[in-house]
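Note sheet for the following structure.
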C-alpha cells in the first residue's frame, strides 16, 4: 500500500476538514512523515521499525528524518510527489495538511500569519544520523529567491530522551575559523574531485551536549554531529553542501549547487560568496 492511497483530493477537503476540526476541538491528527536522505546513514533512534529504514528503496537512501506539521516538500532527487508533506488522518481517511491550510488557513494557523504568508511557513523535524552531515549552509532569503525558493534559518535541540547513545561523531563543526580567506574556500572547491577537499580544516568542532541547542542563521556553514536532533525551522529545504567527502563517502557537486542559479553552477566566485 502506498502512503497516498485513498488520499482525498484538495478540492474535496472542506467537508472532512470541518468534521475533523469539530471532533478534535481544533486539533488535527497527523500521520508520521518520514524522509530519506541518500547521502546519510540512519541513526536508528526515531522509533521507526528497522525493517522500514529503506521503505522508499535502497537507491533513495535510508530514512533518517521525521517531519512534523509540514506543508513543505522535501527537495530530494527521485522523490515521491508528497515527500515531506504531513497528512491528516480522520475517519480512516487522509488529506494533506497543506490542502487543509489552503482551505481554512486563518482557522488553522491564525489570521495574522496566514495574511502575511498565505501558508503555514514553518515546520519541525527530528534528524537522526549514524555520523556527521557534510559541512553545508542554507541560503539566505535573498539568495534563495534567485531560484524561486525561500531561505532557511533553523535551530537545534538535543533531547536526552532520544540520545541514549552518541553514535559515531558527537561533535558539530561550526562556521569558519577567524582569518579564513575566500581564496582558501575557493581552493577547497577547486579540489572537489581530488578526494577530501579539506574544508573542515578551516572550521572548528564543538562537542554536543544533551539538553542544549544551537540557533543557525542562513549562510552559516555547519556540519551537524551524530546526536538525534529536534529542529524547528523555516518552511524550506534549500541547502548547499561544501564538503566533498564524509566518512569516506563522496558528496556529488550537484548537492552543492542544487539551490543556485544554473548559470552559476561552476562559478566559484559566486559559490564562495
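The values are calculated or read from the model by the stated rules, or taken from the named source; none is laboratory data. Only a predicted model underlies this, so the values are computations on that prediction, with no experimental measurement involved. Positions of Cβ are backbone-derived with ideal geometry, glycine not excepted, and every protein chain shown enters the neighbour counts.
Regarding residue 232, is this residue closer than 20 Å to residue 188 by Cβ, modelled with pLDDT of 95 or more and in contact with a strand residue (DSSP E or B) (Cβ under 7 Å, 6 or more places away or on another chain)? Spell out how you get there, then give the answer.
On the way: closer than 20 Å to residue 188 by Cβ: no; modelled with pLDDT of 95 or more: yes; in contact with a strand residue (DSSP E or B) (Cβ under 7 Å, 6 or more places away or on another chain): yes.
No; evaluated as a whole, the condition is false for this residue.
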Tell me yes or no: at least one residue of the range 179-200 is in contact with a strand residue (DSSP E or B) (Cβ under 8 Å, 6 or more places away or on another chain), closer than 20 Å to residue 251 by Cβ and surrounded by fewer than 19 Cβ atoms within 10 Å (Cβ to Cβ).
yes
Please work out which one of (1) surrounded by fewer than 20 Cβ atoms within 10 Å (Cβ to Cβ); (2) in contact with a helix residue (DSSP H, G or I) (Cβ under 8 Å, 6 or more places away or on another chain) is the condition residue 128 fails and give its number.
(1)
Which one of 198, 211 is over 19 Å from the mean Cα position of the chain (by Cα) and under 16 Å from residue 241 (Cβ atoms)?
198
Output the qualifying pairs, or none if there are none: Cβ atoms under 8 angstrom, residues six or more apart or on different chains, first residue in the range 200-224 and without any contact (Cβ under 8 Å) to a residue 24 or more places away in the chain, second residue surrounded by 13 or more Cβ atoms within 10 Å (Cβ to Cβ).
none
Any idea which of 27, 53 is without any contact (Cβ under 8 Å) to a residue 12 or more places away in the chain and under 18 Å from the mean Cα position of the chain (by Cα)?
53
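Only one residue in 35, 80, 109, 101 is farther than 28 Å from residue 227 by Cα, touching a residue at least 12 places away in the same chain (Cβ under 8 Å) and outside the structural domain of residue 169 (by TED's automatic domain parsing). Which one?
One residue alone meets the criteria, 101.
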Hits in the range 204-219 - residues which are closer than 10 Å to residue 153 by Cβ and touching a strand residue (DSSP E or B) at 6+ places or on another chain (Cβ under 6 Å):
215, 216, 219
